[in-house]
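A short worksheet on the structure shown next.
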Amino acid sequence: MRSTKRPNGIFPKLLTELMGSSAEEKLGGGPLVNIAERSDCYIIEMAVPGYDKHDFIVEVEDDYLEVLSVKDVELGDEDSTLLRHEYIPEPFSRSFQFSEDCQKEGIKASYSKGILKVTIQKKEASIASRKVRVEVE
């Protein structure tokens, strides 16, 4: 595995960091992502059309979630001549820093319709601390 640049400290400072970065950093750092927070988990969705689910490596290293692609670039075939080429699914690497409320075990990833979806559960204490109902006697 090659060394990855870790520019994205994510949970919960993501929006501040993304809004503060330049367009070049947003577009040049790999596929575009949406990150959502739910009461029990975080969901990262990456726009990566043209790949297959076997083209991705998703792993945890220290306090980072690493998402890499290992796609071989194919331009056209023997029976055609490529007249214009604006889109190429290329290898990429994205890293996301975990916050303290992220559970590093049990992370799930799926790929469908050009979107890689990674679900990271929150620790139980984080979920419970969000909302507590107090019974009235």
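Number of residues in the range 53-100 that are closer than 21 Å to Lys113 by Cβ and of a type in the set (Asp, Glu): the value is 4.
For the range 53-77, a tally of residues being more than 16 Å from Arg94 (Cβ to Cβ) and modelled with pLDDT under 90 returns 6. With respect to the conditions (1) of a type outside the set (Lys, Arg); (2) surrounded by 13 or more Cβ atoms within 10 Å (Cβ to Cβ); (3) at pLDDT below 90, Ile120 lacks only one, and its number is (3). Pairs are defined by a Cβ separation below 9 Å, a sequence spacing of at least 6 or placement on different chains, a first member in the range 84-100 that is closer than 11 Å to Lys71 by Cα, and a second member that is among the polar types (S, T, N, Q) and at pLDDT 85 or above; the pairs so defined are Pro89/Ser69; Glu90/Ser69; Pro91/Ser69; Phe92/Ser69.
Among the residues examined, Arg94 qualifies as of a type in the set (Lys, Arg), at negative phi and modelled with pLDDT of 90 or more. In summary, Ile107 fulfils each of the numbered conditions (1) modelled with pLDDT under 90; (2) more than 18 Å from Gly30 (Cα to Cα); (3) aliphatic (A, V, I, L, M) with the single exception of condition (1).
The values are calculated or read from the model by the stated rules, or taken from the named source; none is laboratory data. These figures come from a predicted structure and were not determined experimentally. Every residue, glycine as well, gets a Cβ built from its backbone with ideal geometry; the counts of neighbours run over all protein chains shown.
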